[in-house]
Amino acid sequence: MSDEADARGQVESGPAGQEERPEAPTPEPADAGEGTALESSRPRHLARSARTEAMAAEEQAPGAFDVGGEHGPEVQVGNWVVALLVTVIGGFMAILDSSIVNVAIPTIMSTFGMSTAQVEWIVTIYMLTLGVVVPTSAWIGDRIGYKRLYVLSLLVFTVGSALSGLSWSGGALIGFRVLQAIGGGMIMPVMTSMLYRMVPRNRVGSAMGIVGIAIIIAPALGPTIGGYLVQFVDWRLIFYINVPIGIFGVLAAERVLPVFKRHPVGPFDTVGFLASAGGLFMLLYALSEGQTIGWSSETIVLMLVGSLALLTFFVWWELLVEHPLLDMRVFRYGIFGWSNVLVIATTVALFSGVFYIPLFLQNIAGMGAFETGLILMPSALMSGIMMPISGQLFDRIGPRPVAFVGLVILVVATFLMHNLTVFTATGTIVMWLVVRGLGMGFMMMPVQAAGLNAIPTRLVGQASAISNIIQRVAGSFGIAYLTAYLTGQMAGYTNNLSATVAPSHPAVVGLFSAIGQDFSRWFPGLPPAVLGNEFLSGLVSQQAFTNGIDDVFMLTALILLVAFIPVFFLRKVEGTGGGMMRMGGE
């Protein structure tokens, strides 16, 4: 135990000084006989077979780590709840920043005299940068240590936030957002990796429930906090607010977090990095801008084709290369694959509510950003309350029953929301959202925890980065696809409604006359028929938009119904001696 760890009484991971040094690579057996000769004669493209065999042999060797075996924590922490709460500070800030900036876009646009196309890059560049940096988190974490990477990431994010608040032009703000995203993109996968390295596997559910509070509440609080700051104070505070919290988080992390071992890593996989960075950049750009530029435009088509080619090459290369940037072999743990299918479904469901309900409240109900955030808050609070409870249930009975109940609630609530109309009371909307938040609180944590629980501790960093990428792409894809679907449905409803309420209809003529006479007091000189036609056109647009959102929620409910299939492939996690974990039934 190091002197520092001994003084704090937190880390008990081996003899003095070992926490700071990478562990020595496992030597090859000197007398492997014909097997070694055959391995050495294999072509390089068969290297993955040798690695798979070596990994299987290593998995059967107990005590691969100092504490708890291959599925146990690497370090023992006196109070892992406190340590975990410290990491949640960074995760909450990173997720909050993704939603809080959106409400300030019109004000920033006016302040710097930016066009719509230019101001969109304040949000887009943050998302694109996340896609580039997340795949590197596992390699860097193993290289320099996860505590050090977390502190550096939070520090970079804090500096980027301060500089964003100081921005003197739109271009400067976009550049500082890149810096902010470099730090913010690392925080979530690193936080998850540290969780599995310091929490016993039989308490992972409770730990993930704590982390889930940040994941669920932050997106809902973003519009509320951002709307208040922009409306009543100053838009720059949406960035400045991160600075004192970030400084506190850095100091607390240095004080509380244990020192994790650095693991032996090979040379940086430059080819894999370039392929993943290029592929994810083009894919996320196409998904975010496809609706604006046009899905059939040359730019978007080339981006989608290019991303497909690069990401296909990336997967092939990672299975081939000796030291991959992201080890795709984690998918041979079947539960991890099924859990990510569920993550895609729940992410689409999450964003269908977080994205389209605010649009309805602001565009149809005429509410402001701050008021909209207040309506969304009860749902987020319900999810936050349920996260620790679902975590406790996960530890006791496993993921399948908890996820099943959460999915049932989520499907029912999402189906109810397809009854939304222009006359729906605000209280009814809040009730639907609260029930939906209840299901989301039950659903998200066990799904994510079940997948990562199946992964040996040494590969959790890889698996966490992959899950984070899948979740981000799923969110972007979900919004892009559902928005395209909404646009198509709106066009159909607009045509049908316009044909039904034609201006020549007697009832419409009477409406034009009545409305026109009233409106003529404020708009003298305009014919009543013109004023009435404009008013009717607005009503048609509102109804078409509302009907389209109803269809979006119906489609989301159908997607969630399909998600019942992978739920049955989740397995109960059972602890064995020494902190080891095995998947029941396998």
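Some notes on this structure:
- With respect to the stated conditions, THR312 is surrounded by fewer than 16 Cβ atoms within 10 Å (Cβ to Cβ), among the hydroxyl-bearing types (Ser, Thr, Tyr) and within 25 Å of the chain's Cα centre (by Cα).
Per-residue answers, yes or no, for (1) in contact with an Asp or Glu (Cβ under 9 Å, 6 or more places away or on another chain); (2) more than 18 Å from VAL562 (Cβ to Cβ):
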residue: GLY398; (1), (2): yes, yes
residue: GLY406; (1), (2): no, no
residue: ALA413; (1), (2): no, no
residue: THR424; (1), (2): no, yes
residue: ILE429; (1), (2): no, yes
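- Residue list for the range 311-347, filter: outside any helix (DSSP H, G or I) and touching a Leu at 6+ places or on another chain (Cβ under 9 Å): ASP327, TYR333
- Just one residue in the set MET443, MET387, MET377 is under 18 Å from VAL562 (Cβ atoms), at pLDDT below 85 and either in a helix (DSSP H, G or I) or over 22 Å from the mean Cα position of the chain (by Cα) (or both); that residue is MET443.
Residue by residue, here is whether (1) more than 20 Å from LEU452 (Cβ to Cβ); (2) buried (at least 24 other Cβ atoms within 10 Å of the Cβ); (3) not small (Gly, Ala, Ser) holds:
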{"residue": "MET114", "(1), (2), (3)": "yes, no, yes"}
{"residue": "MET127", "(1), (2), (3)": "yes, no, yes"}
{"residue": "SER137", "(1), (2), (3)": "no, yes, no"}
{"residue": "LEU152", "(1), (2), (3)": "yes, no, yes"}
{"residue": "MET186", "(1), (2), (3)": "no, yes, yes"}
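- Test for LEU350: is it within 16 Å of LEU438 (Cβ to Cβ), touching a residue at least 12 places away in the same chain (Cβ under 8 Å), of a type in the set (A, V, I, L, M) and outside any loop (DSSP other than H, G, I, E, B): yes
- Which numbered condition VAL422 misses (of (1) touching a helix residue (DSSP H, G or I) at 6+ places or on another chain (Cβ under 9 Å); (2) part of a helix (DSSP H, G or I)): (2)
Listed here are the residues, each with its yes/no results for (1) under 14 Å from the mean Cα position of the chain (by Cα); (2) among the hydrophobic types (A, V, I, L, M, F, W, C).
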{"position": "THR87", "(1), (2)": "no, no"}
{"position": "PHE92", "(1), (2)": "yes, yes"}
{"position": "ILE95", "(1), (2)": "yes, yes"}
{"position": "VAL101", "(1), (2)": "no, yes"}
{"position": "ALA104", "(1), (2)": "no, yes"}
{"position": "MET109", "(1), (2)": "no, yes"}
{"position": "SER115", "(1), (2)": "no, no"}
{"position": "ILE122", "(1), (2)": "no, yes"}
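- The criterion of at least 1 residues that are in contact with a Gly (Cβ under 8 Å, 6 or more places away or on another chain) and of a type in the set (Ser, Thr, Tyr) is met, among helices (runs of 4 or more DSSP H) falling completely within the range 79-186, by 80-100, 116-133, 137-144, 146-165.
- Taking the criterion of being surrounded by fewer than 19 Cβ atoms within 10 Å (Cβ to Cβ) and more than 15 Å from ILE187 (Cα to Cα), the residues of the range 238-251 that qualify are TYR240, VAL243, PRO244, PHE248, LEU251.
- In this structure, VAL343 does satisfy being β-branched (Val, Ile, Thr) and either buried (at least 17 other Cβ atoms within 10 Å of the Cβ) or free of Cβ contacts under 8 Å to residues at least 40 places away in the same chain (or both).
- For the range 154-172, the tally of residues that are at pLDDT below 90 and buried (at least 24 other Cβ atoms within 10 Å of the Cβ) stands at 0.
The values are calculated or read from the model by the stated rules, or taken from the named source; none is laboratory data. Note that this is a predicted model, so its numbers are computed, not measured. When we count neighbours, we look across all protein chains shown, and the Cβ atoms used for this are built from the backbone with ideal geometry, even at glycine.
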